[in-house]
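Scroll down for the structure; my scribbles are underneath it.
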Amino acid sequence: MDRRKALKNMGMSLGYVVATPTLLSIVQSCKTEKVLEWTPDFFTKEQGNILISLVDIILPKTDTPSASEVQVHLFIDRFANEVMTKKQQDFIKLTFEKFTNSSLKETGKQAVNEFTSMDLESTLAKALKVNKEEQKVKEKAIAEYNKSVNENSSGNLADNVASYAFASKLRGMTILGYKTSEYIGEEVLAYLPVPGEYIGCGDLNELTQGKAWSL
């Protein structure tokens, strides 16, 4: 299935997203700002460069633009900076660091600025390649770690669990940022700039040709 068709059909599989004023302002700023030399607000400069590579690995350019072409990396950085709680911020910083450390070990590179897209793709694929049982074990470990943090206790998160936590979170945020971008919202998803007639029991295929509504 091509990317355009997959996005049209994605709809409810990602769940509902609450369009808060903060989220809407982030989307608006990302779609209007054009950056040649990007300095992240939340992540470090090196992490920002890695982030650009990772979002394009998750959603590369095909019949639609790549994730970075619609500025998904800006969305993720600002979401982390403006929406996440302090504990959520600490968690994504921790898991991002462990993810890059895992990639350094796997590739034998000395510094993160030596990473190639192939290096990061390999680490990302390894982190996400889990069966249902492994996923349950990792999710349980993440929950236990977060519980210990909430109780102000010391906790330890294994590197492979942290890499999974970062990779899965990043994948979800990349898809969210992509679907809420201006181009995807107006050119790929069903888009209605001014609310029209309410049809409570209409068939999705008839109303939007099967497309999910743009957020």
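Side notes on the structure shown:
- Segment 154-173 residues that are free of Cβ contacts under 8 Å to residues at least 12 places away in the same chain, paired with ones that are buried (at least 18 other Cβ atoms within 10 Å of the Cβ) (beta carbon under 9 Å, 6 or more apart): G155/Y145; N156/Y145
- Of all residues making up segment 145-168, the number that are surrounded by fewer than 18 Cβ atoms within 10 Å (Cβ to Cβ) and assigned to a helix (DSSP H, G or I): 7
- Across segment 23-40, the qualifying residues are those that are surrounded by 12 or more Cβ atoms within 10 Å (Cβ to Cβ) and under 25 Å from E97 (Cβ atoms), and the one among them that is modelled with the highest pLDDT is P40.
- When segment 103-135 is filtered for residues that are within 20 Å of V161 (Cβ to Cβ) and buried (at least 19 other Cβ atoms within 10 Å of the Cβ), the ones remaining, listed by number, are S103, L120, T123, L124, A127.
The values are calculated or read from the model by the stated rules, or taken from the named source; none is laboratory data. All of these numbers come straight from a predicted model, not from anything done at the bench. Glycine gets a Cβ as well: all are built from the backbone with ideal geometry, and neighbour counts include every protein chain shown.
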